[in-house]
Amino acid sequence: MVGTATKRRGGGRAGNAARRGGAVIEQMPWRLPVNSDRPTEPLDDAGIAAIHDTAMRILEEVGIEILNEEALEIFRAEGALINGTNTRVGREFIMEMIAKAPESWTMTPRNPAREVVMGRGHILFGNVSSPPSYWTMETGRKMTGTRAMCADLIKLSQYFNCIHFCGGYPVEPQDIHAGIRHLDVLYDKLTLTDKVVHTYSLGRERVEDAIEMVRIAGGHSHEEFEASPKFYTNINSTSPLKHDQPMLDGWMRMARAGQGLVVTPFTLAGAMAPVTMAGAVALSLAESLIAVALAQVIRPGAPCAIGTFTSNVDMKSGAPAFGTPEYMRATQMTGQMARFYKLPMRSSGVCAANVPDGQAMWETEHSLWAAIQSGSNMVYHAAGWLEGGLIASPEKFVMDCEILQQLQRYMEPAIWATTPGELAFDAVAEVGKQGHFFGLQHTQDRYTTAFYQPFLSDWRNYEAWDVAGAVWTPERAHHLYRRIVESFEPPAMDAAIREELADFVARRKAEGGAPTDF
C-alpha cells in the first residue's frame, strides 16, 4: 500500500514540499541527555551476587579462548592458567583490574562542542552500523550497500542533533575493496561529520590508520591525541567463550593509545548462550570483563565500557529476535551488573523487522526503552536498523529520530518541575470551575515550548490527513530524508587538514591498505 502511494503522489503535494526553502525540519538543539529516572532493576541483591559468582566461575573454571598470542603472553605474565589458548583467571585479578577502569570518561571529536560523556547518567545515541544491505522506498527492495548509500546515512547522522556519535559503516560499502574500505569511509565520516567516530578493531593496519586519521582531523600532536579519548572502538567476542585474534589486536592498540574501548558480546540465548536470560547475561559478563582486564593491564585507567547484545532466537527458525520481552529484561539485568562493576554500559536500538513498518517501530521502541530503563550510557544502532542488522534504511533512520527526540524530551527536567510557575495555582484560581486555559496569560507565556512538537508524526484527524494527500509515515520520512541529503552542507574543516587527510588516504591505498584474510 505504501509503495503504491509513493508512485501515485511522488510529484504532488509531497514533491512540492521538497522544493520549499528554509530548514528542512525544526529539530531539537544538540544536547547530551541525562537520564534522571531510577533504573528498572529486576534483580535483587541475591540475584546480582548469583550472576556475578557465575561469571567469575566461568572465568576461573571454564576459561575463555584467547586467540591472540600477544594477549596470551600478557595474561600468562599476570599469572593466568593457560592451556593452549584456554585462559583461566581468578576473580581477585578480574576485580582488581576492573577497579582501575574509570566510572566515566569523555570523548572529544574534531569539534570540541560535540564532546560526549560516557557515564554520569548520560545516555548517548548513535546511528545504525555495519549492515551489508540497504532499503529505501525509491526502489522498495533490498540492495547491496555502496559508498553513496553510506555517505547519505553519514549525512543523516550529522544532521540530526539527537544522534551523538557516528558508529561503524552505516551500511557496508561493498563497491569499495575491503582492503581500503576503512580509509574511504573514515575519510567520509571525518569530513561529513564533526561528531565522535568509531573504528573497527580488525587488526593492526586498520586501527593504526584510524588513529592517524582521527589525529590529523583533530589537528593534534601525538601527545595531545593520546592524552584523552578522541574516538572509540567496539569489539564483539565470538560467543561462546572466545576472543579472536584481529579484534584483540585492535583492542590492545586502542588501549595503548588511550582511546575509548567498548566490549559487547553477541550472546543470543538458545544459540550462542544458554537459553535462560540469567545464564546468557553471566556468559556475556565473563566475556566482557576479561577484555576490560586486558586493557587495564596494558594501560591502567584505560577508558572501558561493557555492552549488552543479549537477545533470543526464534526457536522455530533459529533467526535472531530483537526488541523482545527477553531482550528488555536482559538489558535491564546487564545494567544492574554494569553498576555493580562501576563501568559505563552500551546497549542497542534494534528490531527484526524487514521494512520500516509497525513491527519495526514497536520492536525498536521496546529496545530503546530498555536502554533508558537499564541506565545505558551509549545506545548503538538507535537510528536506521532493520532485519536484525542486515539492512540499513534512511526512512527508518528518520522515523527513529522522531522517537529519539521524543525520548530526549521525556528526559528534560522541565516537564516535571514543581516551581510556583509550574504548579500554576494562580492560573487554576483565575479560571475556576468555568472557562478554559487557552487564553490565560499563564498559557500564552508557555504554549510555544510547553509540549513536544513532532517533525514527522501527523496529529491531524483522518479527514485533514486524507485531504492533504493521505501520506503514510514511511513516505513522509522518505521525503524528509531526500530533502536533508540534497540540502546537506558538511561541517567546516580547515583546508590544510582536509588535504593532509586526503594525502594520507592516497598514500595508504598506494601501499596496499589492510589485509583481508580475516
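Could you give each residue of region 142-152 its phi-based ³J(HN,Hα) in whole Hz, using Karplus coefficients 6.51, -1.76, 1.60 with θ = phi - 60°, and x for Gly or Pro?
For region 142-152, the Karplus curve yields 6, 10, 5, x, 10, 5, 5, 4, 4, 5, 4 Hz.
Can you check what the Kirkwood hydrodynamic radius comes to for region 317-371, Cα pairs only, in Å to one decimal?
This gives a value of 11.8 Å.
Once both axes come from the Cα atoms, what is the angle between helix 394-410 and the longest principal axis of the chain, in degrees from 0 to 90, rounded to 10?
Here the helix axis deviates by roughly 80 degrees.
Choose one of TRP459, SER317, ALA506: the residue whose Cα lies farthest towards the positive end of the charge dipole of the chain (beta-carbon charges +1 Lys, Arg; -1 Asp, Glu; about the Cα centre).
TRP459
Provide, for q = 0.06, 0.09, 0.11 Å⁻¹, the log10 of I(q)/I(0) from a solvent-free Debye sum over equal Cα point scatterers in the chain.
Taken in order of the listed q values, log10 I(q)/I(0) reads -0.30, -0.66, -0.97.
Per residue, how much space in cubic angstrom lies within the convex hull of the C-alpha atoms of region 291-386? Could the numbers behind the result be given before it?
Details: hull volume 10.2 nm³, N = 96.
It is 106 Å³ per residue.
Over the chain, with every protein chain in place, what whole percent of the accessible area is carbon and sulfur at 1.4 Å, could you tell me?
Numbers: 11670 of 21640 Å².
Taking all protein chains in place, the chain shows 54 percent carbon and sulfur surface.
Explain nothing, just the number: dipole magnitude of region 181-326 about its Cα centre with +1 on each Lys and Arg Cβ and -1 on each Asp and Glu Cβ, in debye rounded to the nearest 20.
Taking the Cα centre of region 181-326 as origin, the dipole is about 180 debye.
For the chain, with the dipole built from +1 on Lys and Arg beta-carbon atoms and -1 on Asp and Glu ones, taken about the Cα centre, which of SER221, ALA255, HIS436 lies farthest toward the positive end?
Ranked along the dipole, the leading option is HIS436.
What ranking do 219-231, 422-434, 252-264, 141-153 get when scored by the average of other Cβ atoms within 10 Å per residue, highest first?
Working: 219-231: 16.5, 422-434: 11.0, 252-264: 23.8, 141-153: 18.8.
Highest-to-lowest ranking by the protection proxy: 252-264, 141-153, 219-231, 422-434.
Would you mind computing, in nm to one decimal, how far apart the modelled labels at ARG31 and ASN86 are, each placed 7 Å from Cα along Cα→Cβ?
Distance between the two pseudo-spin positions: 5.3 nm.
To the nearest 10 degrees, how steeply does helix 325-341 sit against the main Cα axis of the chain, on a 0 to 90 scale?
60
Highest first, please rank the peptides 362-374, 75-87, 310-322 by the mean number of other Cβ atoms sitting within 10 Å of their residues.
Packing order, densest peptide first, comes out as 362-374, 310-322, 75-87.
Assign one of three labels to region 415-518, namely rounded, prolate or oblate, based on the Cα gyration tensor with a ≥ b ≥ c the square roots of its eigenvalues; rounded applies when a/c is under 1.5, prolate when it is not and a/b is larger than b/c, and oblate otherwise.
Cα axes put region 415-518 in the prolate bin.
Counting each DSSP H run of 4 or more residues in the chain as -39500 (n - 2.57), what helix-only mean residue ellipticity at 222 nm follows after dividing by all residues, to the nearest 500 deg cm²/dmol?
Rounded to the nearest 500, it is -13000 deg cm²/dmol.
Can you find, among TRP385, ALA338, ILE74, the residue sitting farthest towards the positive end of the charge dipole of the chain, where Lys and Arg contribute +1 and Asp and Glu -1 at Cβ?
TRP385
In nanometres, what is the gap between the two model label sites at GLU463 and THR448, each 7 Å from Cα along Cα-to-Cβ?
So the two model labels end up 3.1 nm from each other.
Relative contact order for region 41-130: what percent, with Cα pairs under 8 Å and sequence separation of 6 or more?
The normalised contact order for region 41-130 reaches 19 percent.
In debye, nearest 20, what is the charge dipole magnitude of the chain about its Cα centre with +1 on Lys and Arg Cβ and -1 on Asp and Glu Cβ, if you could check?
940
What share of the DSSP beta bridges in the chain is antiparallel, in percent to the nearest 5?
For the chain, the DSSP antiparallel bridge percentage is about 35.
Determine the gain in length on full extension of the stretch ALA113-TRP416; use 0.36 nm per residue of separation and subtract their C-alpha separation, reporting nm with one decimal. All intermediate terms of the calculation are to be shown ahead of the outcome.
Values: separation 303, 0.36 × 303 = 109.08 nm, distance 2.78 nm.
Full-extension gain reported as 106.3 nm.
Placing unit charges on C-beta atoms (Lys and Arg positive, Asp and Glu negative, everything else neutral), compute the dipole magnitude of region 255-355 about its Cα centre in debye, rounded to 20.
So the dipole magnitude of region 255-355 works out to roughly 320 debye.
Using a 1.4 angstrom probe, figure out how much accessible area the chain has per residue, in square angstrom, rounded to the nearest whole. Let's see the in-between values first.
Details: 21640 Å² over 518 residues.
Accessible area per residue: 42 Å².
Relative to the longest principal Cα axis of the chain, at what angle does helix 245-256 sit, 0 to 90 degrees, rounded to 10?
Roughly 80 degrees between the two axes.
The values are calculated or read from the model by the stated rules, or taken from the named source; none is laboratory data. Here the structure is a predicted model, which is why all the values come from computation and not from measurement. Because the Cβ atoms are built from the backbone with ideal geometry, glycine has one as well, and the counts that use them run over all protein chains shown. Keep in mind that these areas ignore ligands, DNA and RNA; they rest on the heavy atoms of the full protein, side chains included. Shrake-Rupley method; radii C 1.70, N 1.55, O 1.52, S 1.80 Å.
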